[in-house]
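K.L.:
Have a look at this one.
The values are calculated or read from the model by the stated rules, or taken from the named source; none is laboratory data. Treat the numbers as computed from the prediction; the structure is a model and nothing was measured. Here Cβ is always computed from backbone atoms with ideal geometry, including for glycine, and neighbour counts include all displayed protein chains. Just so you know, the surface numbers come from the protein's heavy atoms only, side chains and all, with ligands and any DNA or RNA stripped out. Shrake-Rupley method; radii C 1.70, N 1.55, O 1.52, S 1.80 Å.
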Amino acid sequence: MSGFKDGFLWGGAVAAHQLEGGWKEGGKGISVADVMTAGAHGVPREITDGVLPGKNYPNHDAIDFYHRYKGDIQLFAEMGFKCFRTSIAWTRIFPLGDELEPNEAGLQFYDDLFDECLKHGIEPVITLSHFEMPYHLVTEYGGWRNRKLIDFFVRFAKVVFTRYQHKVKYWMTFNEINNQANFHEDFAPFTNSGLKYQQGEDREPVMFQAAHYELVASALAVKAAREINRDLLVGCMIAMCPIYPLSCAPNDMMMAMNAMHRRYWFTDVHVRGTYPKHLLNYFERRGFELDITEEDLAALKQGCVDYIGFSYYMSFATKATDDNPQLDYDESKSLVSNPHVKKSDWGWQIDPVGLRYSLNWFWDHYQLPLFIVENGFGAIDVQGSDGVVDDQYRIDYMSSHISEMKKAVVEDGVDLMGYTPWGCIDLVSAGTGEMKKRYGLIYVDKDNEGNGTLERSRKKSFAWYQEVIGSNGEKL
Ligand code: P53
């Protein structure tokens with residue numbers, strides 16, 4: 001017996017902006033992903049002021065899933081997917097974000113998409129906000145620094161919960177809400193929260209304020225889901241990169257603990273509906289005056305999530321330094337290379353054991369069902385003379401991670417709902433905007449410059465994953 005429960009949700013994961021394309025079709029509005037150019041490893045994506053002529057915006061056309069989804073879902077079904085995680089592009093439903101009425105053409109698109117999944121016995125698993133909020137909410141309201149965003153988000157959530165309640169059971173509110181712990185760079189604040197910082201602005205309290213409004217919005221959405229239909233399950237979504245101490249020096253250990261506090265407090269609020277005291281004390285020490293009302297605190301308590309969805313790609317390491325006596329964590333400065341693990345071509349540390357550790361960490365802290373909603377290996381794939389990508393490295397990555405995940409379930413007793421590897425079909429990288437950083441089990445013929453036939457083909461990993469699912473995780 002493999003230890004994975006009956007009905008274990010094997011599948012794959014994507015996000016609307018990274019594969020759909022059709023950026024102006026069906027009345028869709030411009031999202032934050034539509035104003036980001038292509039970058040590369042070490043070259044950040046440029047966030048432009050609106051859509052400018054002559055720039056390369058890879059998300060505009062992506063892999064044209066908007067028109068090709070039927071064929072793609074057919075391929076997922078062939079692999080045996082039990083579920084498919086994608087997001088609803090907020091801008092298809094509310095093109096500007098602040099309208100009172102939704103856009104019917106957008107709603108119809110997702111009706112058709114979910115029907116197509118269900119026809120093949122594939123359960124949709126849906127993220128509400130995955131790096132694709134309406135750009136209008138950035139220019140008119142300053143993104144999530146504005147309390148008004150709570151109402152706009154909750155309206156969006158209620159519309160889609162109501163519309164799809166009989167087609168979609170599993171939901172998540174904000175994708176990788178904790179990426180913005182890395183607030184010194186521009187990418188995470190913008191993709192998470194539509195934040196653009198002024199020159200010289202103190203970024204940290206702005207991030208905490210935006211995150212607070214999101215957590216309140218998330219809680220209100222959870223509450224609304226329960227009122228609409230008791231059967232809906234709503235989770236949070238956390239980017240889990242466990243942070244190890246570089247050594248067993250006591251201060252390195254404390255540094256790692258503080259780093260975990262500063263990156264994962266979001267989960268405490270989602271799960272327990274209260275702020276951890278260490279964070280409130282930190283706000284006080286730093287003199288941050290945040291707009292957190294009694295009403296907000298009551299809302300947080302009423303909207304605790306049903307499960308914890310998380311991504312896992314890599315682990316981090318940190319150490320104490322003399323210039324940081326308080327052992328404060330600053331993600332842009334505090335991370336060090338771990339000499340015990342290898343790295344991908346994009347510098348992501350490959351650590352399958354870290355997945356078992358992460359599963360146990362979440363389970364020990366929260367005792368809520370867990371769902372691995374992203375995991376995978378971004379690599380440069382080359383088609384062989386027969387047209388097939390021999391991606392043994394991806395099989396090795398996934399198989400070693402699934403094997404650790406199995407230990408967490410069978411030996412450690414963690415309650416795991418499912419596993420949906422990221423980018424099950426090649427798509428646009430979020431971090432770099434490249435096509436070249438591929439995760440798929442299905443190859444898509446398109447390059448960084450946008451050339452290619454968009455034809456789909458099965459990689460070696462396709463048949464491998466089909467066997468994994470077919471054997472419920474026995475054959476790795
Ligand atoms: P890309 C950073 C760290 C961990 C996960 O990432 C991250 C990021 C942001 O880049 O993002 C998630 O495409 C995210 C997906 C994304 C995937 O990981 O940069 O939820 O949208 O595509 C992989 O290689």
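K.L.:
So if I check each of 354, 309, 347, which one is outside any helix (DSSP H, G or I), within 16 Å of the ligand (Cβ to nearest atom) and buried (at least 18 other Cβ atoms within 10 Å of the Cβ)?
P.N.:
309
K.L.:
Which pairs do you get when a residue that is within 19 Å of residue 134 (Cβ to Cβ) and within 13 Å of the ligand (Cβ to nearest atom), found in region 179-206, comes within reach of a residue that is part of a loop (DSSP other than H, G, I, E, B) and not hydrophobic (A, V, I, L, M, F, W, C), reach meaning Cβ atoms under 6 angstrom, with the pair 6+ apart or on two chains?
P.N.:
Close Cβ pairs (under 6 Å, with a partner that is part of a loop (DSSP other than H, G, I, E, B) and not hydrophobic (A, V, I, L, M, F, W, C)) amount to 188/182.
K.L.:
Out of 340, 365, report the one residue that is farther than 25 Å from residue 87 by Cβ, touching a helix residue (DSSP H, G or I) at 6+ places or on another chain (Cβ under 9 Å) and not polar (S, T, N, Q). Walk me through it before giving the result.
P.N.:
Working: 340 fails: touching a helix residue (DSSP H, G or I) at 6+ places or on another chain (Cβ under 9 Å).
That would be 365, the only listed residue that is farther than 25 Å from residue 87 by Cβ, touching a helix residue (DSSP H, G or I) at 6+ places or on another chain (Cβ under 9 Å) and not polar (S, T, N, Q).
K.L.:
State all residues of region 286-315 that are in contact with a helix residue (DSSP H, G or I) (Cβ under 8 Å, 6 or more places away or on another chain) and aliphatic (A, V, I, L, M); if no residue qualifies, say none.
P.N.:
Selection gives 290, 292, 299, 300, 305, 308, 314.
K.L.:
Could you check region 225-235 and list, in sequence order, the residues that are crowded, with 19+ Cβ neighbours inside 10 Å and either within 13 Å of the ligand (Cβ to nearest atom) or in a loop (DSSP other than H, G, I, E, B) (or both)?
P.N.:
Across region 225-235, the qualifying residue is only 232.
K.L.:
Identify all residues within region 372-389 that are within 9 Å of the ligand (Cβ to nearest atom) and either among the β-branched types (Val, Ile, Thr) or open to solvent by 60 Å² or more (accessible area, probe 1.4 Å) (or both); write none if there are none. Break it down into steps so the answer makes sense when it comes.
P.N.:
First, pick out the residues of region 372-389 that are within 9 Å of the ligand (Cβ to nearest atom): 373-374, 376, 378.
Correct list: 373 only.
K.L.:
May I pose another question? Give just the number: which of (1) closer than 18 Å to residue 127 by Cβ; (2) modelled with pLDDT under 95 does residue 3 not satisfy?
P.N.:
For residue 3, the failing item is (1).
K.L.:
Let me ask something additional. Yes or no: region 270-284 includes at least one residue that is aromatic (Phe, Trp, Tyr), open to solvent by 20 Å² or more (accessible area, probe 1.4 Å) and within 30 Å of residue 435 (Cβ to Cβ).
P.N.:
No, the conditions are met nowhere in region 270-284.
K.L.:
Kindly list the number of the only condition in (1) touching a residue at least 60 places away in the same chain (Cβ under 8 Å); (2) in contact with a Ser or Thr (Cβ under 7 Å, 6 or more places away or on another chain); (3) of a type in the set (Asp, Glu) that fails for residue 64.
P.N.:
If we test residue 64 against (1) touching a residue at least 60 places away in the same chain (Cβ under 8 Å); (2) in contact with a Ser or Thr (Cβ under 7 Å, 6 or more places away or on another chain); (3) of a type in the set (Asp, Glu), just (2) comes out false.
K.L.:
Among what's in region 294-304 and is hydrophobic (A, V, I, L, M, F, W, C) and assigned to a helix (DSSP H, G or I), pick the residue that is surrounded by the most Cβ atoms within 10 Å (Cβ to Cβ).
P.N.:
Here is the first cut: in region 294-304, the residues hydrophobic (A, V, I, L, M, F, W, C) are 297-300, 304.
Applying the additional criterion that residues be assigned to a helix (DSSP H, G or I) yields 297-300.
Working: 297: 14, 298: 13, 299: 20, 300: 23.
Of everything passing the filter in region 294-304, 300 is surrounded by the most Cβ atoms within 10 Å (Cβ to Cβ).
K.L.:
Here's a follow-up. Please pick out the residue among 111, 49, 61 that is in a helix (DSSP H, G or I) and open to solvent by 10 Å² or more (accessible area, probe 1.4 Å).
P.N.:
111
K.L.:
Quick check on region 87-96. Is at least one of its residues basic (Lys, Arg) and either open to solvent by less than 30 Å² (accessible area, probe 1.4 Å) or under 23 Å from the mean Cα position of the chain (by Cα) (or both)?
P.N.:
yes
K.L.:
Without any contact (Cβ under 8 Å) to a residue 60 or more places away in the chain and more than 27 Å from residue 15 (Cβ to Cβ) - does that describe any residue in region 365-372?
P.N.:
For region 365-372, residues without any contact (Cβ under 8 Å) to a residue 60 or more places away in the chain and more than 27 Å from residue 15 (Cβ to Cβ): present.
K.L.:
A follow-up question, please. Please go through (1) under 27 Å from residue 212 (Cβ atoms); (2) out of contact with any Ser or Thr (no Cβ under 9 Å at 6 or more places or on another chain) for residue 305 and return the number of the only condition it doesn't satisfy.
P.N.:
Condition not satisfied by residue 305: (2).
K.L.:
Report whether or not residue 291 is over 20 Å from residue 183 (Cβ atoms), open to solvent by 20 Å² or more (accessible area, probe 1.4 Å) and at pLDDT 95 or above.
P.N.:
Taking the combined requirement at face value, the residue does not satisfy it.
K.L.:
Could you list, in sequence order, the residues of region 236-268 that are within 16 Å of the ligand (Cβ to nearest atom), among the hydrophobic types (A, V, I, L, M, F, W, C) and assigned to a loop (DSSP other than H, G, I, E, B)?
P.N.:
Within region 236-268, 241 is the sole residue that qualifies.
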